[in-house]
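Asks: This is the structure I have questions about; it appears just below.
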Amino acid sequence: MSDTPDLPEALDLERLLTEAVAQALRDENPETFQLWLRDNLPEFAAAELPDAPREMLNAMAAQLGLAIWNALPLPGNNYQPRPLPLPGRNDPCLCGSGRKYKKCCSGAPQPPPLDTLALWPLVLKHLSRPRLAEAIAQGRVPVEALVEEAMTMLDKGRPQEVVELLQPLFAEIPKRARQAEDTALQALCDAYDLLGREAQKTALLERITADAPRSPLRAGAWQRIAAIRIDRDDAQGCRQALAQAMRDDPDEPTVALVELQLLAREECWEEARERSRFWLKKLRRPIYDPDAVVPLVAILERVLKDPENALTELSAPIEEFDDADELDEAGKRLLDWVDDVLERPLPDYRVVEETESAEEPNQLASKLRGMGIADEEIPPALEMLERQLEEVEADAENGAPSFGEADDGDFSHILLPPAHLRPLEERWSELGAPSKPFGTRSFPTEPWPGWEPGRAEAWLDFLEGHPEAGDSLEIIDDLVSAMLAAPDEAQETLIIEGISPLLERARHIVEQALAAVSEPRLFWNRIENRAGLRSLVRLYILQRHTFAEEEDAEQLLEQVLRLNPGDNHGLRCEKMNDYLRRGQDAQAIELAQHFPDDILAETRYGLALALYRQNRLQSAQTAAEQAVGDLPLVARYLVRARIKQPALSEDGIHHGGDDQAWVYRDAMRGVWQDTPGALPWLKKTMKLKGVGVYS
């Protein structure tokens, strides 16, 4: 059975699961269900699959049927699965061939894992209302499944069905309520609001606050009551309800919005700013999911800067901020695909020792693309390389010396994908994937036409037909570039729901591949490593410039520098500046010593400042003279109180140029000013080196 196709690629699983669950629930008989699936599998198959041998189709049906049946909650079994074991080696095979299992389908590919909770929404669609109400009352239906179905109904504008679905949950107040019960309560209250049933909503909230134990559910009810009291101009009652909510669940972040609404109603702008500062600090704690609190953080940051104007926005419900960016259909399809990919197991990338080998033309083309060379520029580049190789060979025959031989200290491991991903990556590239960022850039500089109407369908269809594309570091790398090149109005949502989780997946893929290597090295100049390294760098940039924990960002930076100690991306710049801002002078000196011949201003001038602050004046003087001699413009920009900003280019910073000097001044002049005597000392060093302040 080694030729059996990959199930996710060969089948429309979403449609198949919907109909398979309906069929299985008709009589809850595994034999008739297996026969149905065996007969109907070709209806859910890719165009070429119905022509496959019947033996192959039967094997696929047997494996998939067993996976569905074993995960399915059956009403006749108290809504629990009734799993069947795999046949014994000498038992008849499930596919109906009549052969022993060991000689038939035992080696067939396994279908994707199915989770019972994932099948529950499909089961709910086939239960009658009385039977569903009975199952809910008996606690048979997971609350998470009910909430998922309720959210779908709310999105489709069907609040009455939400009430019928969720109201039985609260016929009796749960004694062990979790966050899921509170989410269900909020959805039910939203449905009541849409139906204009204020009295029912209020009665339910009051019953929960009276009868429920301390829990997220009771906290959510108090918070909802606080919002109602704001609308009634009952400031005192709102405060009391807020206090109760915070006692029941002190870490619930959405309480901040109700609190700020109250302060806005009372025009307490300075207190609102202080409470925003408090909540922003609190939301940096690791107990919060960073992605989940992005909308709230954005509001709090606006309140911190301008509370009066920002708080006018809080008259709208918080849900309006959850999707601040409008996504078109292409963006939504991509995010749905990302959600599915995140459920997949990590692929088995390999780490191999570097060996020298001749490159075939197609391998060179792939490497050139990995370096950021545009597709149309690759053929002439290959021709040029071929000519240069001929010249080198001719020189060698004539006895010319050779240069650039590898140093033993430059040994790097190579990160290689599973073999089955290579053809997939080639097909993806042929669809017009975004160009790789040139050199060490982390962000694309050219627009990508793939988002244009009529062009997105091809690559989205490819992804939806190949969820395993999310196993490829190369494709993940390209998709992050694609999302960074998306229309501006979709950027924030794509970063939160698409880029961030894909980069985390890439990090886990790399870490799993390196787990068995004692001292891994993934140098940037080995093209095979670039997609993985660039994903780590992008994730670090995302963590550093969002509200992620500073410690998490620093750990990731340490990881990147260990893997690629040459630090081609210059990440040491921010690390050096951070050390100096925090007064960690010894760490700054140690970092600089790893790059003794560095050309970066941050390292050269940072070393001089750190030595000066440690009163190691002789070493500081030597470092300062070297820095001023090599990068005089940086000193000139640092010591002057006022200086005009030069033109800055999107193409990067020019070594020794005015732009490099300005960028360093902008980031670090305040730190130099805060070090007593540092700027006058630097002026004296400039005079020693013959560098004028104004010329």
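The values are calculated or read from the model by the stated rules, or taken from the named source; none is laboratory data. Note that the structure is predicted; figures quoted are calculated from it, not measured. With ideal geometry, Cβ positions are generated from the backbone for all residues, glycine too; neighbour counts draw on all protein chains shown. Each accessible area value is taken on the protein alone, full model and side chains, heavy atoms only, with ligands, DNA and RNA left out. Shrake-Rupley method; radii C 1.70, N 1.55, O 1.52, S 1.80 Å.
Asks: Looking at (1) surrounded by 14 or more Cβ atoms within 10 Å (Cβ to Cβ); (2) at pLDDT 90 or above, which one does Arg544 not meet, given that it meets all the others?
Replies: Checking Arg544 against (1) surrounded by 14 or more Cβ atoms within 10 Å (Cβ to Cβ); (2) at pLDDT 90 or above, the one that fails is (2).
Asks: Does Glu343 meet the test of being over 29 Å from Gly470 (Cα atoms) and either open to solvent by 90 Å² or more (accessible area, probe 1.4 Å) or modelled with pLDDT of 80 or more (or both)?
Replies: Working: over 29 Å from Gly470 (Cα atoms): no; either open to solvent by 90 Å² or more (accessible area, probe 1.4 Å) or modelled with pLDDT of 80 or more (or both): yes.
No.
Asks: Anything in the stretch 172-216 that is small (Gly, Ala, Ser) and either in a helix (DSSP H, G or I) or in contact with a His (Cβ under 7 Å, 6 or more places away or on another chain) (or both)? List them, or say none. Can you show your working first?
Replies: Here is the first cut: in the stretch 172-216, the residues small (Gly, Ala, Ser) are 177, 180, 184, 187, 191, 196, 199, 203, 210, 212, 215.
Scanning the stretch 172-216 gives Ala180, Ala184, Ala187, Ala191, Ala199, Ala203, Ala210.
Asks: Which of the residues belonging to the stretch 180-229 are under 19 Å from Val147 (Cβ atoms) and among the β-branched types (Val, Ile, Thr)?
Replies: If the condition is that a residue be under 19 Å from Val147 (Cβ atoms) and among the β-branched types (Val, Ile, Thr), then Thr183, Ile208 are the ones that fit.
Asks: Now for a different question. So, of the residues in the stretch 292-309 that are aliphatic (A, V, I, L, M) and assigned to a loop (DSSP other than H, G, I, E, B), which turns out to be least open to solvent (accessible area, probe 1.4 Å)?
Replies: Ranking the qualifying residues of the stretch 292-309, first place goes to Val293.
Asks: OK, next. Determine which member of the set Ala137, Ala180, Ala171 is over 22 Å from Asp193 (Cα atoms) and among the hydrophobic types (A, V, I, L, M, F, W, C).
Replies: Details: Ala180 fails: over 22 Å from Asp193 (Cα atoms); Ala171 fails: over 22 Å from Asp193 (Cα atoms).
Of the residues listed, the single one that is over 22 Å from Asp193 (Cα atoms) and among the hydrophobic types (A, V, I, L, M, F, W, C) is Ala137.
Asks: Quick check: is even one residue across the stretch 171-184 under 21 Å from Leu124 (Cβ atoms), surrounded by 20 or more Cβ atoms within 10 Å (Cβ to Cβ) and of a type in the set (D, E, K, R)?
Replies: Looking for residues that are under 21 Å from Leu124 (Cβ atoms), surrounded by 20 or more Cβ atoms within 10 Å (Cβ to Cβ) and of a type in the set (D, E, K, R), one finds at least one in the stretch 171-184, hence yes.
Asks: When you look at Glu590, is it exposed (fewer than 14 other Cβ atoms within 10 Å of the Cβ), charged (D, E, K, R) and free of Cβ contacts under 8 Å to residues at least 40 places away in the same chain, yes or no?
Replies: On the way: exposed (fewer than 14 other Cβ atoms within 10 Å of the Cβ): yes; charged (D, E, K, R): yes; free of Cβ contacts under 8 Å to residues at least 40 places away in the same chain: yes.
So Glu590 passes the test.
Table: residues versus (1) within 34 Å of the chain's Cα centre (by Cα); (2) closer than 29 Å to Lys281 by Cβ.
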position: Glu554; (1), (2): yes, yes
position: Leu571; (1), (2): yes, yes
position: Glu574; (1), (2): yes, yes
position: Phe595; (1), (2): yes, no
position: Leu607; (1), (2): no, no
position: Pro632; (1), (2): no, no
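Asks: Only one of these conditions is not met by Gly454: (1) over 24 Å from the mean Cα position of the chain (by Cα); (2) farther than 30 Å from Glu511 by Cβ; (3) open to solvent by 70 Å² or more (accessible area, probe 1.4 Å). Which number is it?
Replies: (3)
Asks: Have a look at Gly432, Gly470, Gly450 and point out the one that is among the small types (Gly, Ala, Ser) and in a loop (DSSP other than H, G, I, E, B). Spell out how you get there, then give the answer.
Replies: Values: Gly470 fails: in a loop (DSSP other than H, G, I, E, B); Gly450 fails: in a loop (DSSP other than H, G, I, E, B).
So the residue among Gly432, Gly470, Gly450 that is among the small types (Gly, Ala, Ser) and in a loop (DSSP other than H, G, I, E, B) is Gly432.
Asks: Give the stretch 650-663 a look and list any residue that's more than 15 Å from Met686 (Cβ to Cβ) and either assigned to a helix (DSSP H, G or I) or open to solvent by 50 Å² or more (accessible area, probe 1.4 Å) (or both), or say none. Steps first, answer last, please.
Replies: Within the stretch 650-663, the first condition is being more than 15 Å from Met686 (Cβ to Cβ), and the residues that meet it are 650-660, 662-663.
Matches in the stretch 650-663: Glu650, Asp651, Ile653, His654, His655, Asp658, Asp659, Gln660, Trp662, Val663.
Asks: Just checking, which of Ala145, Ala133, Ala150 is open to solvent by less than 70 Å² (accessible area, probe 1.4 Å) and in contact with a Phe, Trp or Tyr (Cβ under 9 Å, 6 or more places away or on another chain)?
Replies: Values: Ala133 fails: in contact with a Phe, Trp or Tyr (Cβ under 9 Å, 6 or more places away or on another chain); Ala150 fails: in contact with a Phe, Trp or Tyr (Cβ under 9 Å, 6 or more places away or on another chain).
Checking each option against the conditions leaves just Ala145.
Asks: Mind counting the residues in the stretch 570-585 that are open to solvent by 50 Å² or more (accessible area, probe 1.4 Å) and closer than 17 Å to Val537 by Cα?
Replies: So the count comes out to 1.
Asks: Please verify whether the stretch 557-568 includes one or more residues that are of a type in the set (D, E, K, R), part of a helix (DSSP H, G or I), free of Cβ contacts under 8 Å to residues at least 40 places away in the same chain and under 30 Å from Leu633 (Cβ atoms).
Replies: No; the residues of the stretch 557-568 include none that is of a type in the set (D, E, K, R), part of a helix (DSSP H, G or I), free of Cβ contacts under 8 Å to residues at least 40 places away in the same chain and under 30 Å from Leu633 (Cβ atoms).
Asks: Taking interchain pairs and intrachain pairs at least six residues apart, which have beta carbon atoms under 6 angstrom, with the first residue in the stretch 632-649 and more than 24 Å from Leu688 (Cβ to Cβ) and the second in a helix (DSSP H, G or I)?
Replies: From residues that are more than 24 Å from Leu688 (Cβ to Cβ), the pairs are Gln645/Trp662; Pro646/Asp658; Pro646/Asp659; Pro646/Trp662; Leu648/Asp659.
Every residue, every condition in (1) under 13 Å from the mean Cα position of the chain (by Cα); (2) of a type outside the set (D, E, K, R); (3) within 30 Å of Leu280 (Cα to Cα), yes or no:
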position	(1), (2), (3)
Phe462	no, yes, no
Leu473	no, yes, no
Asp477	yes, no, no
Val480	yes, yes, yes
Ala486	no, yes, yes
Glu492	yes, no, yes
Arg526	no, no, no
Arg530	no, no, no
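Asks: Scan Arg207, Arg232, Arg214, Arg218 and give me the residue that is without any contact (Cβ under 8 Å) to a residue 60 or more places away in the chain and crowded, with 17+ Cβ neighbours inside 10 Å.
Replies: On the way: Arg207 fails: crowded, with 17+ Cβ neighbours inside 10 Å; Arg232 fails: crowded, with 17+ Cβ neighbours inside 10 Å; Arg214 fails: crowded, with 17+ Cβ neighbours inside 10 Å.
Only one candidate passes the filter, namely Arg218.
Asks: Here's something else I'd like to know. If I filter the stretch 463-473 for residues that are of a type in the set (A, V, I, L, M), farther than 30 Å from Leu591 by Cβ and modelled with pLDDT of 90 or more, do I get at least one hit? Quick ask: steps written out before the conclusion?
Replies: Restricting attention to the stretch 463-473, the residues satisfying the condition of being of a type in the set (A, V, I, L, M) are 463, 469, 473.
Adding the requirement that they be farther than 30 Å from Leu591 by Cβ leaves 463, 469.
When the remaining residues are screened for being modelled with pLDDT of 90 or more, the result is 463, 469.
Yes: the stretch 463-473 contains one or more residues that are of a type in the set (A, V, I, L, M), farther than 30 Å from Leu591 by Cβ and modelled with pLDDT of 90 or more.
Asks: Looking only at residues that are of a type in the set (A, V, I, L, M) and more than 41 Å from the chain's Cα centre (by Cα) in the stretch 634-649, which one is farthest from Thr685 (Cα to Cα)? Break it down into steps so the answer makes sense when it comes.
Replies: Of all residues in the stretch 634-649, those of a type in the set (A, V, I, L, M) come to 634-635, 638-639, 641, 643, 647-648.
Next, only the ones that are more than 41 Å from the chain's Cα centre (by Cα) stay: 639, 641.
Values: Val639: 11, Ala641: 17 Å.
Of everything passing the filter in the stretch 634-649, Ala641 is farthest from Thr685 (Cα to Cα).
Asks: What's the total number of residues in the stretch 672-688 that are open to solvent by 50 Å² or more (accessible area, probe 1.4 Å) and either modelled with pLDDT of 90 or more or not in a loop (DSSP other than H, G, I, E, B) (or both)? Step through it out loud before you land on a result.
Replies: Initial filter on the stretch 672-688 (open to solvent by 50 Å² or more (accessible area, probe 1.4 Å)): 673-674, 676, 680, 683-684, 687-688.
Those still in the list that are either modelled with pLDDT of 90 or more or not in a loop (DSSP other than H, G, I, E, B) (or both) too: 673, 680, 683-684, 687-688.
Total meeting the criteria: 6.
Asks: Being in a helix (DSSP H, G or I), surrounded by fewer than 18 Cβ atoms within 10 Å (Cβ to Cβ), at negative phi and of a type outside the set (Gly, Ala, Ser) narrows it down to one of Arg636, Arg669, Arg642, so name that one. Even if it seems obvious, please write down each step before you answer.
Replies: Working: Arg636 fails: surrounded by fewer than 18 Cβ atoms within 10 Å (Cβ to Cβ); Arg642 fails: in a helix (DSSP H, G or I).
Residue meeting the stated conditions: Arg669.
Asks: Which residues, taken from the stretch 235-289, are under 28 Å from the mean Cα position of the chain (by Cα), surrounded by 17 or more Cβ atoms within 10 Å (Cβ to Cβ) and assigned to a helix (DSSP H, G or I)?
Replies: Val255, Ala256, Leu257, Ser276, Trp279, Leu280
Asks: Now for a separate question. So Gly139 clears everything in (1) without any contact (Cβ under 8 Å) to a residue 24 or more places away in the chain; (2) outside any loop (DSSP other than H, G, I, E, B) except one condition, right? Which one?
Replies: Result: Gly139 fails condition (2) only.
Asks: Follow-up question, since we're still on this one. Looking at the stretch 156-164, is at least one residue out of contact with any Asp or Glu (no Cβ under 6 Å at 6 or more places or on another chain), at pLDDT 85 or above and either open to solvent by less than 40 Å² (accessible area, probe 1.4 Å) or of a type in the set (Lys, Arg) (or both)?
Replies: yes
Asks: Quick one: would you say Arg530 is out of contact with any Leu (no Cβ under 8 Å at 6 or more places or on another chain) and on the phi < 0 side of the Ramachandran plot?
Replies: Details: out of contact with any Leu (no Cβ under 8 Å at 6 or more places or on another chain): yes; on the phi < 0 side of the Ramachandran plot: yes.
Here the answer is yes, as Arg530 does meet what is asked.
Asks: (1) at pLDDT 90 or above; (2) open to solvent by less than 40 Å² (accessible area, probe 1.4 Å): which one isn't true of Pro437, the others all being true?
Replies: The number of the failed condition is (1).
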